[in-house]
1. Compute for region 365-408: radius of gyration divided by Kirkwood radius, i.e. Rg/Rh, restricted to C-alpha atoms, rounded to two decimals.
2. Between Leu258 and Leu227, 0.36 nm times their residue separation minus their Cα-Cα distance comes to what?
3. Hull surface divided by four, with the convex hull built on the Cα atoms of region 298-359: how many nm²?
4. Near the amide H of Leu414, under 5 Å away, which other amide H atoms are found, from residues 5 or more places off or on another chain, if H is placed in the peptide plane?
5. Percent of alpha carbon pairs in region 177-222 separated by more than 15 Å?
6. FRET efficiency for Leu182 and His415, Cβ-Cβ distance as r, R0 = 30 Å, nearest 0.05?
7. Could you calculate the contour length gain from Arg204 to Thr58, that is, 0.36 nm times the residue separation minus the distance between their Cα atoms, to one decimal place in nm?
8. Students often get this wrong: which residues of region 287-320 have the backbone nitrogen under 15 Å from the point 7 angstrom along Cα-to-C-beta of Glu249?
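Derivation of every value follows stated rules applied to the coordinates shown; laboratory data play no part. Nothing here was measured: the structure is a model prediction, and the numbers come from that model. A quick note on method: Cβ atoms are made from the backbone with ideal geometry, for glycine too, and the neighbour counts reach across all protein chains shown.
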Amino acid sequence: MSRLPQLQRALVAAAERVEAAPARTTLRRRRVRTLAIALAVALGLAGVAYAATQLIETGEPVPPPPHSGSLLDRIVPGTTRVLPVRAADPDGGPPWGLRVFRAKSGAFCVQTGRVVNGKLGVLGQDGAFHNDGRFHELPVVAEGCGGRPGVNFPAIDGAANAQTASAYSYRVACETRHDRYLRRVVTPRSIRAALRLQLRRGERAAARVERRVLARFEREAARHIPLCPTRDLRDVIYGFLGPEGQRVELTDPTRPALRVVLPVSAATAGAYLHVLRGSPRDYPRLQRRYFYPGGLVCGRGFGVHPDRGCARPPGFPPPPAKRRVRIPPALHVPIQALRGYAIRYVSPFANRRYQVFVQCNRHLTVDAGQTRPLPAGRPSTVRLHIDPTLAAHCQRPLSGEVRDRGRLVGRFVLHPRQ
């Protein structure tokens, strides 16, 4: 890098000598001078690009998120790699890239970020790392997972990720106006409506819990989080077409200037990546079309009509045959309905979690949550987790059932007050 300025000066000097010396033809002098200056300019641009991507100072690594111990992030050793796919940022600087790895659940997972020296990370801007301007390497964290065991590529179709130019997606340093509206207005308003409904029904225990939830979200609403700079918002679009994909086209009928063609490679399982300035809310009619051999065109987005045969594009293996699981016979455990949304019964198994379902109407069954581990041999009270707004529109009485891994444990009938 230190020799680039010297080489530029040497090329320009050589062009000047050629022009000053007697030559056979004027045309030859012009050609040599033009070539030398073009090489000098190219070297200058290469030096700027090199400095933008390689000479960025490195800071401390990004700490793992609080949920890094979840099942989603358990990684199979030796499966983590940064793909050679790159996308330029609208404002320049290090390019964006994709990292993939296999989770122990069998699915492939994807992570996006800025790439420096083959490493995936974030930049210290937009409130991240006190805007130090340095590169901070990311830990391996899943942003999206897909695929099945035995498939050698992530079966993720056209995922999108809204974030800032820093690429710091899982720790909030700034927020958009829409996120601020949800945090300060929408969420507290919905919790207050649920609390009023519980008080009107006399559900005192549930109201006490709801007050604590409301206090927590009101503290969150009172936090001062700066707005993200509008020019630093990014819509990171990525996906995988599979080994037989040919190219991706991004268009928007409301933006005639937006037409991007992204070639893909079988070596990267048809991975594509593109970064737009703004958020996904700025591109509500973005169209993505995926091209396969034989003229097959698939895709998604506003006004996109995939061809027949896109339910499983070429290269995607058929889904595995479902194994028939024999469910044990029902237990018919007596279940007592309590006041409000609560039931009481004796668990037939020790330290077992049960799933509770409520029939709202003929066409809607509500998942009322999973119980805590219940002891066997003595009655236990279980409170149902039902959205009060939804429950207000359900038919009375409410019938429900408790299941253990698909096996029916018992049925009950609730008579909640209006």
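1. 1.00
2. Computed gain between Leu258 and Leu227 is 8.5 nm.
3. Computed as one quarter of the Cα hull surface, the answer is 9.9 nm².
4. Distant-sequence amide H within range of Leu414: Leu398, Ser399, Gly400.
5. Above the 15 Å cut-off, region 177-222 has 41 percent of its Cα pairs.
6. 0.25
7. Full-extension gain reported as 47.1 nm.
8. Within reach of a label on Glu249, which here means backbone N under 15 Å from a point 7 Å along Cα→Cβ, region 287-320 contributes 287-307.
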